[in-house]
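The values are calculated or read from the model by the stated rules, or taken from the named source; none is laboratory data. Here the structure is a predicted model, which is why all the values come from computation and not from measurement. Here the Cβ positions follow ideal geometry from the backbone for every residue, glycine too, while neighbour counts run over all protein chains shown. Calculation scope for accessible area: heavy atoms of the full protein, side chains included, ligands and nucleic acids excluded. Shrake-Rupley method; radii C 1.70, N 1.55, O 1.52, S 1.80 Å.
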Amino acid sequence: MAGDAFLKSIESNFQNAVRCLNATYEDDQLGEDLATKILFTFTGYRSVHSEHFEPVKGGIRFAPDVNQDEVEALAALMSYKCSLVEVPFGGSKGGLIIDPREWSEPELERITRRFTQELAKRDLIHPSQNVPAPDVGTGEREMAWMADEYKRLNPAELNAWACVTGKPVSKGGIAGRTEATGRGVEYALRAFFDHPRDVARTGLTPGLRGKRVIVQGLGNVGYHAALFLSTEDEALVTHVLERDGAVVDETGIDIAALRTHIMETGGTKGFPGYVNSGMEMLEADADILIPAAMELVITEDNAPNIKTPLIIEAANGPVSAEADVILRERGVVIIPDLYANAGGVTVSYFEWIKNLSRIRFGRLQRRAEEARFNALIDGIESMLGKQFPHDIAARAVEGGTEIDLVRSGLEDTMRNTYEVISKVWNSEKLATDLRTAAMMVAVRRIAQSYQTLGI
Ligand code: GLU
């Protein structure tokens, strides 16, 4: 507390000095330069939570409300997430206080590169110690700048490209990283619906087909989750909530068209089914709720009114601790963030391995696999004296491309992990909900890891 008061007083002294300096030099160049310098100084964070595995891993977000507590909480979540899906990384997270929409691309590039220099100076970006990735407000573009800046600072470092993940494929990225978190949400829901006993706890009928889904936030994660669920699993995305309003269509929204509309016009307004609604849409009648944007959108204020019996946390921390208790007591099942959105870091792990091995997945074995399956089909045809059905043969023969392998690895991870969580949920008395079960698995593994180190 004393520390808090001291910090506040230093900050207020600083603000006071800035005010005085600005007033003193109001009309001359020095004043302008000074104001510009102060205005163009950014505050950024990178927090490291657990180093039981290195590198530590986690995204970097660019958002105006980034703060130290948030970054530290998200770093801890990364440790649990990686542990849960057995990705051998510790947990870290970063953030820069900036609204990226207020800056031009060249300005953002300069800011990102400068932030990278500051991180590099402290080994907070490093292929074997700390590997950032995209998060809210950052994407492939920022990761390419960061990787390039790191490479410039370390021109002889063979593994320099492995210093961040989520890069564009043309700059050492991996196919399927952009869709990975949303894809992981789809696989998590499939895994859940493959467990009839767990589905029964929600009172929902079996199968994803025809389920009515609310998606909050049509950014990278929400968009891909909504797209795949509606086009591949025949779920109906009936509600999409965005910054400027919502879109409602009980027969299922055309997600690709809505995304194009948002890209072109900057919002949902004007799209068929548009309603001028805010967060109250989270309380709409549907089967599954997917909060896919920021943390703390479900709090004790709206938790009593949530109608969906199943929530899947595509965002990090969308349900507050108080809301969690209320929802649990009401019997709402929550598939927790540390599992539900782990697809991103899982595919980041594949990208990091690809960068270290410097070879595209599938490059060595693809043609050999195709030749083997061709030989098998030839054998079957000559034994039976009949032609193998052409479409089945084509599917069997085609070797895995990188995207096939990435999706297969991700699906395997999400399925296996759900098995483990579900088993704990259904067999351990104290694991009263999926979040507790998932956390028990994650924490147990981290503890074991420290124990074997003798720490
Ligand atoms: N920012 C993502 C997350 O919160 C991805 C992290 C990563 O790939 O390292 O999980």
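Some observations on this one:
- Test result for Leu158, closer than 23 Å to Ile174 by Cα, open to solvent by 50 Å² or more (accessible area, probe 1.4 Å) and aliphatic (A, V, I, L, M): yes
- In region 358-390, the residues that are open to solvent by 60 Å² or more (accessible area, probe 1.4 Å), of a type outside the set (A, V, I, L, M, F, W, C) and in a helix (DSSP H, G or I): Arg367, Arg372, Asn374, Asp378, Ser382, His390
- Any chance Asp148 is at pLDDT 95 or above, open to solvent by 40 Å² or more (accessible area, probe 1.4 Å) and not in a helix (DSSP H, G or I): no
- Thr165 being touching a residue at least 40 places away in the same chain (Cβ under 8 Å), open to solvent by less than 20 Å² (accessible area, probe 1.4 Å) and either assigned to a helix (DSSP H, G or I) or not acidic (Asp, Glu) (or both): yes
- All strands (runs of 3 or more DSSP E) inside region 207-263 with 1 or more residues being polar (S, T, N, Q) and in contact with a His (Cβ under 9 Å, 6 or more places away or on another chain): 212-216
- Taking region 262-303 as the range and being loosely packed, with under 14 Cβ neighbours inside 10 Å and within 25 Å of Phe193 (Cα to Cα) as the test, only Asp285 passes.
- Any chance Val347 is closer than 21 Å to Gly222 by Cα, β-branched (Val, Ile, Thr) and within 16 Å of the ligand (Cβ to nearest atom): yes
- Looking across region 174-199, the residues that are surrounded by fewer than 24 Cβ atoms within 10 Å (Cβ to Cβ) and either modelled with pLDDT under 95 or not in a helix (DSSP H, G or I) (or both) come down to Ala175, Gly176, Thr178, Asp194, His195.
- Among residues of region 117-143, those that are within 16 Å of the ligand (Cβ to nearest atom) and assigned to a helix (DSSP H, G or I), counted: 5
- For region 318-355, filtering for residues that are more than 30 Å from Leu158 (Cβ to Cβ), buried (at least 22 other Cβ atoms within 10 Å of the Cβ) and among the acidic types (Asp, Glu) leaves 1.
- Subset of region 391-413 [assigned to a loop (DSSP other than H, G, I, E, B), over 28 Å from Phe192 (Cα atoms) and among the small types (Gly, Ala, Ser)]: Gly399
- Meets criteria (in contact with a Lys or Arg (Cβ under 8 Å, 6 or more places away or on another chain), surrounded by fewer than 17 Cβ atoms within 10 Å (Cβ to Cβ) and under 26 Å from Cys82 (Cα atoms)) for Arg122: yes
For every residue, the table says whether it meets (1) under 25 Å from Ile334 (Cβ atoms); (2) of a type outside the set (A, V, I, L, M); (3) free of Cβ contacts under 8 Å to residues at least 40 places away in the same chain; (4) within 16 Å of the ligand (Cβ to nearest atom).
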position: Trp145; (1), (2), (3), (4): no, yes, yes, no
position: Asn154; (1), (2), (3), (4): no, yes, yes, no
position: Ser170; (1), (2), (3), (4): no, yes, yes, no
position: Thr178; (1), (2), (3), (4): no, yes, no, yes
position: Gly182; (1), (2), (3), (4): yes, yes, no, yes
position: Leu189; (1), (2), (3), (4): yes, no, no, no
position: Leu208; (1), (2), (3), (4): yes, no, yes, no
position: Ala235; (1), (2), (3), (4): yes, no, no, no
position: Glu242; (1), (2), (3), (4): yes, yes, yes, no
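- Residue check for Ala315: crowded, with 23+ Cβ neighbours inside 10 Å, closer than 21 Å to Arg183 by Cα and out of contact with any Leu (no Cβ under 8 Å at 6 or more places or on another chain): yes
- When Leu282, Leu289, Leu296, Leu338 are screened for being within 13 Å of the ligand (Cβ to nearest atom), out of contact with any Asp or Glu (no Cβ under 8 Å at 6 or more places or on another chain) and modelled with pLDDT of 95 or more, only Leu338 passes.
- The single condition from (1) without any contact (Cβ under 8 Å) to a residue 40 or more places away in the chain; (2) open to solvent by 60 Å² or more (accessible area, probe 1.4 Å) that Ala394 fails is (2).
- If you go through region 45-96 and keep only what is within 9 Å of the ligand (Cβ to nearest atom) and either open to solvent by 60 Å² or more (accessible area, probe 1.4 Å) or of a type in the set (S, T, N, Q) (or both), you end up with just Ser92.
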